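A short worksheet on the structure shown next.
The values are calculated or read from the model by the stated rules, or taken from the named source; none is laboratory data. These numbers come from a predicted model, not from an experiment. Every residue, glycine among them, receives a Cβ derived from its backbone with ideal geometry; neighbour counts consider all protein chains shown. Protein only, heavy atoms only, side chains kept; ligands, DNA and RNA dropped before computing areas. Shrake-Rupley method; radii C 1.70, N 1.55, O 1.52, S 1.80 Å.
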Amino acid sequence: MELRQTTGGALALVLYTSLERLVECCGEHQPWMKVPTKELPAVVEQVGAQVIREDVPLPGGTRGEDG
């Protein structure tokens, strides 16, 4: 799981809707874990996220591309 601050200052939980989207947005060596959708509200509360962002491409230099 990854938390990022949005341009508006909110703490966002970044998630990906499929492994294919994760690789496309973050690189093939990005660590990942599967969380059932029904558990997302508890995860959001536990990590203190204010918003959820889906399938967000990571900027260069933060992508898991180098293995």
Inter-label distance, nm, simple model (7 Å from Cα along the C-beta direction), V51/L19
3.0 nm
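Determine the per residue accessible area of the chain with all protein chains present and a 1.4 angstrom probe, expressed in square angstrom.
Working: 4860 Å² over 67 residues.
I get 72 Å² per residue for the chain.
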Using only helices, what value at 222 nm comes out for the chain when you add -39,500 (n - 2.57) per DSSP H run of length 4 or more and divide by the total residues, to the nearest 500 deg cm²/dmol?
-6500 deg cm²/dmol
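Round to a whole number: what % of the accessible area of the chain belongs to carbon and sulfur, probe 1.4 Å? Write out the running numbers ahead of the final one.
Values: 2490 of 4860 Å².
The value for the chain is 51 percent carbon and sulfur by accessible area.
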Collect residues whose amide H, placed 1.01 Å from N in the peptide plane, falls under 5 Å from the amide H of D55; neighbours closer than 5 in sequence don't count.
L15, Y16, T17
Once amide H atoms are placed 1.01 Å from N in the peptide plane, what residues at a sequence separation of 5 or more from E2, or on another chain, have their amide H within under 5 Å of its amide H?
V14
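Of all DSSP beta bridges located in the chain, what percent are antiparallel, nearest 5?
Roughly 50 percent of the DSSP beta bridges within the chain come out antiparallel.
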Given the Cα-Cα distance of H29 and T7 and 0.36 nm per residue of separation, how much length would full extension add, in nm?
5.3 nm
